[in-house]
Structures are given as C-alpha cells and as structure tokens.
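Some notes on the structure that comes next.
The values are calculated or read from the model by the stated rules, or taken from the named source; none is laboratory data. Treat the numbers as computed from the prediction; the structure is a model and nothing was measured. Heads up, the Cβs are rebuilt from the backbone with ideal geometry, glycines too, and the neighbour counts pull from every protein chain shown. These area figures cover heavy atoms from the full protein model, side chains too; ligands, DNA and RNA do not enter into them. Shrake-Rupley method; radii C 1.70, N 1.55, O 1.52, S 1.80 Å.
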2 protein chains.
Amino acid sequence: MAPGVSAPLHFPVTLVVLLSLLGLAVGGKLLVVPVDGSHWLSMRQVLDSLQQKGHDVVVVAPEVSLHIKPSKNFVMKMYPVPFTQEGMEKDFQAFLQISFEEGSFLTRFLKTYEGMKRLGELSVLSCEWLLKNQELLRYLQESQFDALLTDPVVPCGLILAEHLSLPSVYFLRGVPCGLDFEATQCPNPPSYVPRGFSQLTDHMTFFQRVGNLLFDLPNVFLCDFGFQPFAKLASEFLHRDVTVLDLLRQGSVWLLRVEFVLDYPRPLMPNIIPIGGVHCAHKKLTQEFEAIVNASGEHGIVVFSLGSMVSEIPMKKAMEIADALGTVPQTVLWRYTGPTPPNLPQNVKLVKWLPQNDLLAHPKTRAFITHGGSHGIYEGICNAVPMVLMPLFGDQMDNAKRVESRGAGLTLNILEMTSQDISTALRTVINDKTYKENIQRLSDLHLDRPIHPLDLAVHWVEFVMRHKGAPHLRPAAHDLNWVQYHSLDVLAFLLFVLLLSLFISFKCCLCCCRRFCGKKGRTKKAAKSKTH
Amino acid sequence: MAPGVSAPLHFPVTLVVLLSLLGLAVGGKLLVVPVDGSHWLSMRQVLDSLQQKGHDVVVVAPEVSLHIKPSKNFVMKMYPVPFTQEGMEKDFQAFLQISFEEGSFLTRFLKTYEGMKRLGELSVLSCEWLLKNQELLRYLQESQFDALLTDPVVPCGLILAEHLSLPSVYFLRGVPCGLDFEATQCPNPPSYVPRGFSQLTDHMTFFQRVGNLLFDLPNVFLCDFGFQPFAKLASEFLHRDVTVLDLLRQGSVWLLRVEFVLDYPRPLMPNIIPIGGVHCAHKKLTQEFEAIVNASGEHGIVVFSLGSMVSEIPMKKAMEIADALGTVPQTVLWRYTGPTPPNLPQNVKLVKWLPQNDLLAHPKTRAFITHGGSHGIYEGICNAVPMVLMPLFGDQMDNAKRVESRGAGLTLNILEMTSQDISTALRTVINDKTYKENIQRLSDLHLDRPIHPLDLAVHWVEFVMRHKGAPHLRPAAHDLNWVQYHSLDVLAFLLFVLLLSLFISFKCCLCCCRRFCGKKGRTKKAAKSKTH
C-alpha cells in the first residue's frame, strides 16, 4: 500500500479487536452439530480456532460416538441414544470389513447395502433421540445462538437449524448423491464434471460421458435411500412437509473441502468456499516417533494408515501386505491394531496410532500408503509425499483416481492386489522421480494461497454469525422452478411466436397468391368470354 | 491456531521473505498492457502494490493517452501512434457528449454507433502501431517477463501475450458482449443472470426473461463489431487464423471487479477471482478540502462527479442541476470544468478535480451524485454513502439499476430529468433513513472479508508469475465443443438406443402375436376342416 494511504476500514473486525483489547466479551455463540468419524477430525480444528477467537462453541453429540469427545475448547452437550458403544462399533467394523470380503458383485452389493442401511438407521435413531430430548431442545432454544455449523451429510443439524431459526454454515466434502449441487443451484455439466463414485476424471471419452450422465439415475435412489428417513423425521418434527433438499437450500455458506490441485475445476457459486487442506497444520514429532524416523537412515520412512476407522484387516491380506513392505529399504510405520502378521519384516513397525500429518511433514518420509480418504490425501499433498492408494469405500475410489490422474500416486485394488503389486507400486512411487515431482508441483500450487483455508473457514463462520446469514450470496435461481431456470417456458414461447409468425406469413402469402391467381383467373375468364 | 501447532509452510512465500531479508532480488518481471480511462485508475493501484513487493513492472502504452502517465513505480514504454492528443480528446468528448444530446432513438443510436466506431478505430490503430514497432517488440522479447497483465476489453494485450508466449492475468469489470462467460466456460443462465446493458435485475418477470434471452442476439453483433478488427490484426500478426475468443480463453486468472453486495450472485469458475472494491483505499483529505468539509456545518457535504472522463456538460443541463443543488442545505462539491452556470447557488463549489474517495470517506458526506461508473459506485459502497445516479453510457445504466435495486440510491434519466427531479432525489437519499441504512448494510457486508481485494489481486498476479500460469484452475470444458459440452451427442445417442429398444421390443411383440395368432388361425382352420 502506498505511503500515506490508510488501510480500508474493516469496521466489524476493528471493533472486535478494540473490544478484545479492552477485555470485553466479543465472541458470538455457535451451535455445532457434527458428524462422527473422520468428518469430525477436521471440523474440530475450526472449532479450536473459533474458541481461540473468543466465541462460545457448543457441540451437540450423542453419548455414543467414535471420535467426538469433550474438549476444553467447547461445551459438549450429550444426549442419550438407544444403542451401545459396542453395538455401534460392531456395526461400523462389520461395514468396513465388507471392503476386504471377496465374492460376486451382487453379494458384495447386497452386503454393502445392508451395512449402509444399518449405519443409516443408527444416524436416524440418534437424530430422533436428539429431537425428542425436550430438555436439551429447551436449553438450545434459550441459548440464543448466532449460527449453526454442521456437516449436512447427516442432515440432523439442518432440522435443528430450521427449528431454532438459525442461519447455518455447512462444512463438508460433498453430499454423496450430488444433492449439494442442486441445493446451491450450482451448475454441474455431466460432460466434464465427473459424478461421485463414477471413478471418472474430467476428461472423458464419449462412452464415459454416457456413463457419467447415466450416473445421475442411481443418485436419485441414493438420495432417497439416504435422506428419506430424515425428511420423514423433519416433517414430523417441524409439523409440515419438508424434504432434505428444502432444508439444504437454507445453508448460508458452504465450506467445501475441495481444492483444484486435487479436485477437477468446475463451476462454483459465491457461497461455496473451497477450503481443501483446511486441517493440514502439523506439529513437531514426539520424541518416540522422531527417534524412529531418525533411525531410518538415508532411506527414510513410509507412512501406512488405512484411516481413523480401519485399523485391522483380515490376516491373509495383512500377511500379503507385510510381505510386500519387506521389499523396500525404508522403515515402514504401519498403523495396525490387529494380531501381528507372522511374516512381519524387520523394517516394519506396527503402531496402534500414529501422528500421520506430522510424520508426512518430515523430510525423511518417502511415501504414504493410504486408503484415499480426503483428509489423508490432502495431508499427502500439503507435505508433497507420493502415495500408494488402497481405496476401500465411499469417495475413496474417486479420490484415488484424482491423485493417480495427477501422476502423484498409484492405486491398488484392495481385493485383487498381490504382494508383488504392492511392492511394485510402492517402489515405483519412491524411486520414479516423476511421482515426487508431480506431488511437489501440486503441493507448491496448493500452499501458494492468499489466505490459509483454516482462516477462511473461521472467517465465514464468523461472517454468518455477525450478519445472521449471507443473503447477498444467495442466487435468485432459488426462486425459479426447473422449467423457469432452464428457460424452457421462454423457449416454448419464442417457438410459439416463431411458428405463429410463419403460419401468419404463410397464410398471408397464400391469400395474396389466391387473390392474384383468382384475379388472373377472372381476368382470363373475362378475356376468354370477350373473345367468344 | 493451537499452541505448539506450527503454521503450514508456504514454501514460495517463505522463500521470498527470506531472500528479501537477505537483500536479494526476489521480484518477478511483469508486462502490463493497460486500457486507458477509468480502467487504468484501479489497475494502477495493483501495479503500485506489485512494485512495493519487489517486482519490476513495465507498462506499454501509446504516447497519446487520457490518463496513463509515467510513474516512479514502473518503467513506461511508450510507442508512437498516428493520431494526436487533441484529436483523440476531441473524439472522446464528442462521444461523451452524445449522452446529453436529445433526439430520436435512431439518431442517438447512429451517433453512438459512429462514436464507438471512431474510438474503436483509435484502439485498433494504437494496437497496430504497437505490433509493428519492431524495436519495442524486440525489447519485450528480450526482457523475459514472467507474466502479462491486461484489461481484455481492448484485446491488444492478448495478442502480445500470445506472441511472447506469456501467461496472462486479466483485470476487468467484464467484456461488454458477454464473451468473458464464453471464454471462461462459466455458466450464465439467462433465467436469472441479467445480460449487460439490459438494465434487468436477477429477479425477472416472464417477459423480462424473454427479453434477457433475446439480449444474446445483439451481443453477437456487438462482439463482432468490437472484436473483429482485433481478430483480423491478430491473425495477420500471428500468421494464423485466430479469434478474440481463442485469445481470451488463454487467460490464466480473471481478476473480475465484481462483488455480490452490488452484483447479483451467479456462478463463477475457479480462475475467476472477484475483486470488487479493489481500489477503495483512501487517504487523509488535503487541508484545502478538509477546510471546505469542516465549514459545511451540521448538514455536511454532497460529492458530485460524473467521472474521470466527463467534467463538462451542456449549459442548459448544468443550470438545471445548479438549480436543484441550491435546494439542499448541504455544501455541494461539484467536479466541473465548464463555464460556471450563472445560477450557481452559494452552497455549490465548483472544482476542477476532487479526491472523490477521500471525500466519500469523510463522516460528513451525506450523498454522492455519480454517473454510475463501477469505480465510483464501489467507493460509495465502501464508504456507505447513499447515491443519486445519472448514468451516461456503457455499464453505468446496469450499475445504477443494481444500486437502486438494493435500495441504496435513486436513478435519474440524464435527458429527461428536471431540476425538480434532481432536487427530490437528492433530498430523498439524504433524508430518508432507509437509503443510509441500506448502503450501510451493503458496506458492512462488503468490508467484512477475509482478505482485502487489493491483496487478493496482487497474490494472483504473483501466483501466475511464480507458476507460469494456473493450469490447475483451467476447466476441462475448454476441450469440448458446444455439442459435447451440453451433452447433446450423449442425449441423441441415448434417444437412439431408447427408440431402437422400443422398435425391437415392438417388432418382437408383433412377431410373437403373429406367431400366436397364426397358430390359433391354423388351429381354428384345422379344427374347422375336422368338423367338415
């Protein structure tokens, strides 16, 4: 800025700073309805930052959960649910293990369907128990929150936001059946925006484009399967017919964990804020891990984790993997809680937990074996570590495809991969310099940003809290129906006008011709009669 | 950020800071091909910031220009052109004065057309002389720039970027005929995205939507009228057939001077960076103006300017305006270089130039009378000053409509307005509190942003310089033709498959029926013959 030029005034921000200097309360009050599992892990970092900025954060979660635990950074309001921790964990593990089970497509499809149905039922049950918890609802009503932050993939928070008339901020990777595009009115051309679970890239052949367009059909059923129970619950609770799409459309700001070094460039709406890599801050390694890494010598280490939810795999698979890991000179740190494979090589260390991002940030890390969860992949990108991907379920196949299409990793099929395949893939990403070069390029692009995605996320949550929403970012498309949005009524009208004009012109011409011909006919007749 | 958590590494940025601390050259080299007039004024601020960050900035401009003058902040490379300063200024003034001339629509349309044609010819001529200036081209070639910054509304910079194989950053308010949407592959639904010059809002009636869709037709001619001469020039210079759209598509990043407190929310692409209000930094008032403002007493002041290009208007109009200005108790500061109207009231001070943004930032400023240029309007929004708008040409009518639709100002028709209309409008925006409330709300929303648009603009110019473009932000849609993009080939194929399936099913049914009926017939016949 030129000397003498004062910075433009950011009134609310300036005020906040001034008041906080005076020791006065400046924070707002945020209600958070999180989603369990890895979804929670990155959201928690945003909550920590919000708390540090002086806001009161209240998290509402069921008493039974995988990762959502109380913290000094927020008030935790827990509500009872009619299932036990053991029961839920058993259901989760049963679902996760399907990825390792061989069998026909139909058998696996049916098992997956049953597993998803069971987990879905738990979500709905949990939401139902939240909404009928009168005491908790009364507390929430009386607390006068400024906004609600939720991951809409489980739309329980949406129902609560509607009930409490709170503006909401969504924090998500995406909605599985593509309902996020519809809810934000964001264009989504099937010609180059690959559909979820299609494993397609943004460059498709003709038949891939046919497949991508047809992918919208099962999505309709997926939406229905996943969201219909919540729509029923919402309609009963809010005493009016309401769909999950209706609720989703109310979102003020969508903090989307995408970024275009990984995800394919596509249209966005002004209230969609890409915050991919939001959770990539890393700490110094603990002494224990620092010692392991330093002992790895010139070859360095490989980090291996199948995510926060999968820490145990069938013994046969574990032995195949162990076999392959023995073929590289690197020390492999493997997060694994199952029984130790008898063939575990010397260079592999099993750990019950590992500081994944801190390890990836270490310059001695040569490769990352991952299940392809979006969090892990962004950590790989942030720290420029080439990846071997073993996707298991959900969006992991798509994520793996993205990394592979960028030349930054290799994907293996968890069911079909042999020990040799794993070994070859791992040695390739470590020794073939192009993988490191490609991930380094992605990393450089990803980290060269005007503002850190965590600050961006915090800003937009605060924005919605300060202004009670963000109506100026809401496109007018929300007020149009499908026919109007696509101008089909206008086109039909113009076609009608065109056809009418043509018809009238034709009729006029015909009339003129007839009159002219008739005159001529009459003249001829008259002439003829004269000659007679 | 939690204690002990180190900030994520921004390698290039960290490197730049380190090197600059060591006193080593860290800057890149930027070539700038600006557009004259108000377009230049905000771009200059970005250049000042870039220079302060250690970059070498070289501006290429014709010797004859309205506002582009040498500065200590950049190297100015001027090239001769075959027209004089006086000639050009005369042409400009002639064009600007058309706005004040009464007459039939056709007369005014033809005059505007002629005026635009003349100014267009000057632009093309200037570009032609740049491209045939061998010495300058050799210098540019040898200078090894990292990137080129230009306003593509005059596509001369685009031709130069292509010739020098430089990645380019565009800095613009928009391309008049909507070619920016096509060039960025940005969806632009006519159902709620009003077309340029249509004066429509994002909420349209059915017939307004018909009109908006039909507005795309004259845009085709406007594009052709404005850009065909440049396409011809580019094709000759680059020795291959090239259109302006082809060149525009090469833009790495589009710094678009839009923002959604003023402009209507609509889809964006990842390489479109909204930087509306980029130029809103203000300085302290000079003693001269501070004294005038302070002398205005409790009523404060009104700022009146028709922009950097219009400082003189016909006497009849000036007298009408002067008359109206006398009816308010505020002191009016009017930027005006013409002969003093004989009826000039006591409270009106004519000045040859005024520090518009610094005056608007003064708490005593009550209203802003403006022609509705985007710069002025953003200054009005930044400083929360209600506006009376007198749009003259270009996008000013649309801008005025936007302010009016937000309830932050009133628009007058420069030709039809009477002294009474001006007085009423001015007094309304000053005395009716809703105008101040609305502009204050817009201002609060506009200023509450995670990063200042000037820093955002500077970041993205530097990004393109550092990475030689931003290919990861380029949508794959660029590789599809119109039919493919809209999936028309896929839909045709699916329709064909559907019809073929129906046809085959129908044929099969027919065949079965025939066989069945035939058998029945034969059976009947056989039965009949047996009975005989």
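Here A:His467 meets the list (1) outside the structural domain of A:Phe171 (by TED's automatic domain parsing); (2) open to solvent by 10 Å² or more (accessible area, probe 1.4 Å) almost entirely, failing just condition (1).
Yes or no, residue by residue, for (1) out of contact with any helix residue (DSSP H, G or I) (no Cβ under 8 Å at 6 or more places or on another chain); (2) in the same structural domain as A:Thr418 (by TED's automatic domain parsing); (3) within 18 Å of A:Leu262 (Cβ to Cβ):
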site	(1), (2), (3)
A:Ala295	yes, yes, no
A:Lys317	no, yes, no
A:Ala324	no, yes, no
A:Lys349	no, yes, no
A:Leu360	no, yes, yes
A:Thr365	no, yes, no
A:Cys382	no, yes, yes
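Could you tell me whether B:Ser198 is of a type in the set (Gly, Ala, Ser), touching a residue at least 40 places away in the same chain (Cβ under 8 Å) and in a helix (DSSP H, G or I)? So B:Ser198 fails the test.
Quick one: in segment B:455-497, which of the residues that are closer than 17 Å to B:Arg249 by Cβ and of a type in the set (S, T, N, Q) is farthest from the other protein chains (Cβ to nearest Cβ)? Of everything passing the filter in segment B:455-497, B:Asn481 is farthest from the other protein chains (Cβ to nearest Cβ). Evaluate segment B:336-344: report whether one residue or more is out of contact with any Ser or Thr (no Cβ under 8 Å at 6 or more places or on another chain) and either surrounded by 23 or more Cβ atoms within 10 Å (Cβ to Cβ) or at positive phi (or both). Checking segment B:336-344: not a single residue is out of contact with any Ser or Thr (no Cβ under 8 Å at 6 or more places or on another chain) and either surrounded by 23 or more Cβ atoms within 10 Å (Cβ to Cβ) or at positive phi (or both).
Under the condition of being within 13 Å of chain A (Cβ to nearest Cβ) and open to solvent by 20 Å² or more (accessible area, probe 1.4 Å), which residue from segment B:167-186 is nearest to B:Gly120 (Cα to Cα)? In this case the residue turns out to be B:Phe181.
Evaluating B:Asp48 against the criteria (1) within 14 Å of chain A (Cβ to nearest Cβ); (2) open to solvent by less than 60 Å² (accessible area, probe 1.4 Å); (3) within 23 Å of B:Gln144 (Cα to Cα); (4) modelled with pLDDT under 95 leaves one unmet condition, (4). Of the residues B:Ser38, B:Ser42, which single one is at pLDDT below 95 and within 14 Å of chain A (Cβ to nearest Cβ)? Testing whether each residue is at pLDDT below 95 and within 14 Å of chain A (Cβ to nearest Cβ) leaves just B:Ser42.
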